[in-house]
Amino acid sequence: MARKVHITLVDDLDGSPASETVHFGLDGNHYEIDLSEDNGARLRRLLAPYIDSARRSNAYSAAEAPAIRAWASEHGFQVSERGRLHSDVIDAYRAAHP
């Protein structure tokens, strides 16, 4: 028996269809929110002055580490299965996932 599962993203702000999941962090916490194209653009416009004045951090969450390691391995970086990730790997991952 075949089964087809369809996942529909819903904008967390207004309930309209969402086109993306936006990941961001503040005060050491990491968040994700599903947003429509318009609300995603609005969030980016609101944050732009702060982002333009900020420094980029190489911090990553424990939840992100497996995705970073998998991406790094697929792209020719040598990474251990455990331990701290090198800043070059994190920088490359972030550049590939803006």
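Within region 30-43, not a single residue is more than 16 Å from H97 (Cα to Cα) and at pLDDT below 95. The conditions of being of a type outside the set (D, E, K, R) and surrounded by 13 or more Cβ atoms within 10 Å (Cβ to Cβ) are not met by I51. Checking each residue in region 58-83 for being under 18 Å from G25 (Cβ atoms) and either touching a strand residue (DSSP E or B) at 6+ places or on another chain (Cβ under 8 Å) or surrounded by 10 or more Cβ atoms within 10 Å (Cβ to Cβ) (or both) picks out N58, A59, Y60, S61, A63, E64, A65, P66, A67, I68.
Cβ-Cβ contacts under 9 Å between residues 6 or more apart (or on different chains), taken from a first residue in region 69-80 that is over 14 Å from A95 (Cβ atoms) to a second residue that is surrounded by fewer than 11 Cβ atoms within 10 Å (Cβ to Cβ), are listed as R69/S80; R69/E81.
Scanning region 84-98 for residues that are surrounded by fewer than 12 Cβ atoms within 10 Å (Cβ to Cβ) and either closer than 19 Å to G25 by Cα or assigned by TED's automatic domain parsing to the domain that holds E32 (or both) gives S87, A95, A96, H97, P98.
Considering each residue of region 26-39 in turn, none proves to be within 23 Å of V89 (Cβ to Cβ) and either among the aliphatic types (A, V, I, L, M) or in contact with a Cys (Cβ under 9 Å, 6 or more places away or on another chain) (or both).
Could you list, in sequence order, all residues of region 14-32 that are touching a Ser or Thr at 6+ places or on another chain (Cβ under 7 Å) and either of a type in the set (A, V, I, L, M) or not in a loop (DSSP other than H, G, I, E, B) (or both)? Can you show your working first?
Keep residues of region 14-32 that are touching a Ser or Thr at 6+ places or on another chain (Cβ under 7 Å), which gives 16-19, 30, 32.
Hits for region 14-32 are P17, A18, H30, E32.
The values are calculated or read from the model by the stated rules, or taken from the named source; none is laboratory data. Every value quoted in this text rests on a predicted model; they were computed, and no experiment measured them. Reconstructed Cβ throughout: ideal geometry from the backbone, glycine too, with neighbour counts over all protein chains shown.
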